[in-house]
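Below: one structure, written as structure tokens.
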Amino acid sequence: MTDTAAEDRRRIRPSTRVLLHDLAVRRDRDEWIVGRMATRTFVALPAVGARAVELLGEGMSVGRTAETLRAETGEEFEVSDFVDDLAALGFVARIGDCPVPDVEPPRASLPRLRPHHVRFALRPALPVLVGLVLAAAVAVLVRRPDLLPTYRDLLWSPHGSLVLLSGTAAGWTLLLAHELAHLVTARAAGVPGRMRLGTRLQFLVMQTDISGIELAPRRHRLTAYLAGIALNLSVASSLVLVLALTDTGTTAHRLLGAALLLALLPLPFQLMVFTRTDLYFVLQDLTGCRDLYGDGLAYARYAFRRAVRFGRTGGPGTAADPSSRLPAHERRAVRVYSVVLVVGTAACLTFLAAVTLPVDITLLVRAARGLGPDHGVAGNADSAVVLIILGGVNVLWLVTRWRNRRAKRTKP
């Protein structure tokens, strides 16, 4: 316990009253989600904990709160310890007459964007509109299957540098729009949100932290999780409708086909729930799990150690199953997810070693060899573009990975 926490504890007496920060509360099955939106700190509490927060928030003293809870539940509840825990979470503004040091809230992306500016993102009519555009695009593709994109649509120009530059620009633009959809929808629900670069295994991604959406109604939560996918589907559907009106064989038609494929390419990635994609958060919400990835990883490590120990000693070992402390519905979901996590991660890393790295190395080596006075202006330009874009992406992955891991290690 820190000196500050110990000092706080000495100040807490039965007559002590505490002032809580503005907290939000939402019931979730047999528990209550309590959080402070300003710091994006949230915790799941049993009903008695949520009731204690309510009583303390009404100005009731620590001793009176304990007496009320004893009368209501028939059990003792250590309110002083509970206040200590709330203070450690940053939920307490003052204990008695002594203010509790506060933490600086995390910065939000686009802070001038207010919830009332983007309230339309949560209107029920918007998903209906997306569905209508998608249905129209599917109907067009049924009648015009030749509009279905293939990899050849990406090769719209004989100049590889143009293909690479246009593809990179369009891909990052769509990625930014995808994350903006998450941010806008979360902001409409009153959640600040922050966009930043991140890594998922070998993938460089842009991600939006929308911590706080846990306190929103389920419809708003699912809307925020699925907003990026809806954006990609809307763009792809619109491109299909425009393609149907464009003459085939023209440069415009080829460019639209390439854009259509780029809009669709991120969607299969969303199925890789073992990398915590958008669909992972939908799955976590629907299964009622608090930390599906963390609990699944812990169970996978436990199962691995247990298997290794069994192979060495012939016995199952004595380590406790980390999933045993979870409710039954979470325990089942975590154990199934742990299998998906292990198999999916192994498959991704195998693909990285067998395909991605050899291809990247080959392209970089060829590009390096293509530089020089013997290869002309066009050859040098193509090689330079490959080195800048492909090499830049790999360097950016390394820098982002190092920066995020460092921030995680230094986080208090």
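The values are calculated or read from the model by the stated rules, or taken from the named source; none is laboratory data. Worth saying up front: this structure is predicted, and the values here are computed from it rather than measured. Every residue, glycine among them, receives a Cβ derived from its backbone with ideal geometry; neighbour counts consider all protein chains shown.
Screening the candidates 103, 92 for the property of being exposed (fewer than 13 other Cβ atoms within 10 Å of the Cβ) and among the β-branched types (Val, Ile, Thr) yields one hit, 103. Quick one: which residue in 121, 66 is within 30 Å of residue 184 (Cβ to Cβ), surrounded by 18 or more Cβ atoms within 10 Å (Cβ to Cβ) and either more than 32 Å from the chain's Cα centre (by Cα) or in the same structural domain as residue 217 (by TED's automatic domain parsing) (or both)? It is 121. The set of residues in the stretch 350-376 being over 20 Å from residue 388 (Cα atoms) and surrounded by 13 or more Cβ atoms within 10 Å (Cβ to Cβ) consists of 351, 352. For residue 235, are the conditions met, namely being more than 30 Å from residue 33 (Cα to Cα), among the β-branched types (Val, Ile, Thr) and modelled with pLDDT of 95 or more? For residue 235, the condition - more than 30 Å from residue 33 (Cα to Cα), among the β-branched types (Val, Ile, Thr) and modelled with pLDDT of 95 or more - is met. Could you go through the stretch 278-285 and let me know if any residue there is surrounded by 20 or more Cβ atoms within 10 Å (Cβ to Cβ), closer than 30 Å to residue 126 by Cα and among the charged types (D, E, K, R). For the stretch 278-285, residues surrounded by 20 or more Cβ atoms within 10 Å (Cβ to Cβ), closer than 30 Å to residue 126 by Cα and among the charged types (D, E, K, R): present. Within the stretch 120-143, residues that are in contact (Cβ under 8 Å) with a residue 40 or more places away in the chain have Cβ atoms under 7 Å from residues that are β-branched (Val, Ile, Thr) in these pairs: 121/184; 121/185; 122/185; 122/223; 137/240; 140/240; 141/240, counting only partners at least 6 apart in sequence or on another chain.
Residues that are surrounded by fewer than 18 Cβ atoms within 10 Å (Cβ to Cβ) and under 22 Å from residue 44 (Cβ atoms) within the stretch 332-349 comprise 332, 335, 336, listed in sequence order. For the residues 332, 312, 366, the requirement of being modelled with pLDDT of 90 or more and over 17 Å from the mean Cα position of the chain (by Cα) singles out 332.
Cβ-Cβ distances below 8 Å connect the following pairs, each with a first residue in the stretch 260-286 that is without any contact (Cβ under 8 Å) to a residue 40 or more places away in the chain and within 26 Å of residue 154 (Cα to Cα), a second residue that is hydroxyl-bearing (Ser, Thr, Tyr) and crowded, with 17+ Cβ neighbours inside 10 Å, and a separation of six or more residues or different chains: 271/277.
All of (1) assigned to a helix (DSSP H, G or I); (2) of a type outside the set (A, V, I, L, M); (3) within 27 Å of the chain's Cα centre (by Cα); (4) not assigned by TED's automatic domain parsing to the domain that holds residue 21 hold for residue 153 with one exception: (3).
In this structure, is residue 223 in contact with a helix residue (DSSP H, G or I) (Cβ under 6 Å, 6 or more places away or on another chain), in contact (Cβ under 8 Å) with a residue 60 or more places away in the chain and in the same structural domain as residue 119 (by TED's automatic domain parsing)?
It is true that residue 223 is in contact with a helix residue (DSSP H, G or I) (Cβ under 6 Å, 6 or more places away or on another chain), in contact (Cβ under 8 Å) with a residue 60 or more places away in the chain and in the same structural domain as residue 119 (by TED's automatic domain parsing).
For beta carbons closer than 6 Å, sequence separation of 6+ or different chains, a first residue in the stretch 164-177 that is assigned by TED's automatic domain parsing to the domain that holds residue 232 and a second that is part of a helix (DSSP H, G or I) and β-branched (Val, Ile, Thr), the qualifying pairs are 164/385; 164/389; 168/389. For the stretch 235-245, the criterion of a residue being buried (at least 22 other Cβ atoms within 10 Å of the Cβ), part of a loop (DSSP other than H, G, I, E, B) and of a type outside the set (Ser, Thr, Tyr) is satisfied by no position. Within the stretch 136-155, the set of residues being surrounded by 12 or more Cβ atoms within 10 Å (Cβ to Cβ) and of a type in the set (D, E, K, R) comprises 144, 153. Among the conditions (1) part of a helix (DSSP H, G or I); (2) at pLDDT below 90; (3) surrounded by 15 or more Cβ atoms within 10 Å (Cβ to Cβ), the only one that residue 133 does not satisfy is (2). Could you say whether any residue in the stretch 179-197 is closer than 30 Å to residue 27 by Cα, touching a Lys or Arg at 6+ places or on another chain (Cβ under 8 Å), among the acidic types (Asp, Glu) and buried (at least 16 other Cβ atoms within 10 Å of the Cβ)? The answer is no, given that none of the residues of the stretch 179-197 is closer than 30 Å to residue 27 by Cα, touching a Lys or Arg at 6+ places or on another chain (Cβ under 8 Å), among the acidic types (Asp, Glu) and buried (at least 16 other Cβ atoms within 10 Å of the Cβ).
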